[in-house]
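> Handing you a structure now.
The values are calculated or read from the model by the stated rules, or taken from the named source; none is laboratory data. Quantities reported herein were computed from a predicted structural model and do not represent experimental measurements. As a convention, Cβ positions derive from the backbone with ideal geometry for all residues, glycine included, and neighbour counts pool all protein chains shown.
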Amino acid sequence: MASKRIVKELKDLQKDPPTSCSAGPVAEDMFHWQATIMGPPDSPYTGGVFLVSIHFPPDYPFKPPKAISYPIFQVQQLVRISFSIIDANADILRCGGGASGYLSCEATHLWWWWWWCLSGSNAQCSGGQEILWVPDCQDCSSVLKCFIGLLFLAVPFSSCTLVAFRTKVFHPNINSNGSICLDILKEQWSPALTISKVLLSICSLLTDPNPDDPLVPEIAHMYKTDRAKYEATARSWTQKYAMG
């Protein structure tokens, strides 16, 4: 069912592509598409070329297309954890941070998984108390296995969005992971909708943001209170990230 529907949508897109948009499968994978959206005229995104990643679930079109992304902080922290474990003289790290190199609540959970796997000593964590990591096991193969396990363990904490921008966009309804706040990609999704209609809706969102239902409240506030600054910043991001 899903394959036939996706093939039909691809043929329809090729026959009648939406204005300023194109889309198609990546490396012959019909369930993974990449779309290209041209920045709408008379908007701060004019002249930009924006890439959007689209993943179709097996039960499409009854469920909307999805894009699963790993938040950057997790990858950075997992790499940091790996090197600290390999090094027997690991630095002291803290739980639940905010500053660079500190661990979030999710990463704190992952730390304890490391402890269980590698039988480290002197591990303590409570409300920001320090963890002194001096592993008993320094076998590289064990470390590698645990690191791979952590990547899979991180999946529940990954952000699951419906369609995601791969190009950075300064917009109140698009966050730093590329997630898009658009009703037809959430509760208003219907099997009658198509990727063509989704792309057109995204183009409309670029032209007319919805600051009353923001994904990035700070940008929404700027949009409402200082439109000139918002447009200048959006233009700057477009030139930096979407015109290269």
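> So which pairs qualify, if the first residue must be in the range 210-231 and under 29 Å from E187 (Cβ atoms), the second must be among the hydroxyl-bearing types (S, T, Y) and assigned to a loop (DSSP other than H, G, I, E, B), the Cβ gap must be under 9 Å, and the two must be at least 6 apart or on different chains?
Going by the 9 Å Cβ cut-off, the qualifying pairs are V216/S176.
> Restricting the first residue to the range 32-54 and requiring it to be under 18 Å from I6 (Cβ atoms), which pairs with a second residue that is part of a loop (DSSP other than H, G, I, E, B) meet a Cβ separation below 7 Å and a spacing of at least six or different chains?
Listed by first residue and then by second, the contacts come to V52/V163; V52/R166; S53/R166; I54/P65; I54/V163.
> Evaluate the range 76-90: report whether one residue or more is at pLDDT 90 or above, outside any loop (DSSP other than H, G, I, E, B) and surrounded by fewer than 18 Cβ atoms within 10 Å (Cβ to Cβ).
There is no residue in the range 76-90 that is at pLDDT 90 or above, outside any loop (DSSP other than H, G, I, E, B) and surrounded by fewer than 18 Cβ atoms within 10 Å (Cβ to Cβ).
> As an exercise: evaluate P156 against (1) modelled with pLDDT under 95; (2) surrounded by 13 or more Cβ atoms within 10 Å (Cβ to Cβ); (3) within 14 Å of the chain's Cα centre (by Cα) and give the number of the one condition it does not meet.
If we test P156 against (1) modelled with pLDDT under 95; (2) surrounded by 13 or more Cβ atoms within 10 Å (Cβ to Cβ); (3) within 14 Å of the chain's Cα centre (by Cα), just (2) comes out false.
> If you go through the range 205-238, how many residues are of a type in the set (S, T, N, Q) and surrounded by 13 or more Cβ atoms within 10 Å (Cβ to Cβ)? Lay out the reasoning, then the answer.
First pass over the range 205-238, keeping only residues of a type in the set (S, T, N, Q): 207, 210, 225, 233, 236, 238.
Now drop any that are not surrounded by 13 or more Cβ atoms within 10 Å (Cβ to Cβ), which leaves 207, 210, 233, 238.
Count: 4.
> Would you pick out the residues in the range 44-66 that are among the hydroxyl-bearing types (S, T, Y) and surrounded by fewer than 18 Cβ atoms within 10 Å (Cβ to Cβ)? I'd like the intermediate steps shown before the answer.
Narrowing the range 44-66 to residues among the hydroxyl-bearing types (S, T, Y): 45-46, 53, 60.
If the condition is that a residue be among the hydroxyl-bearing types (S, T, Y) and surrounded by fewer than 18 Cβ atoms within 10 Å (Cβ to Cβ), then T46 is the only one that fits.
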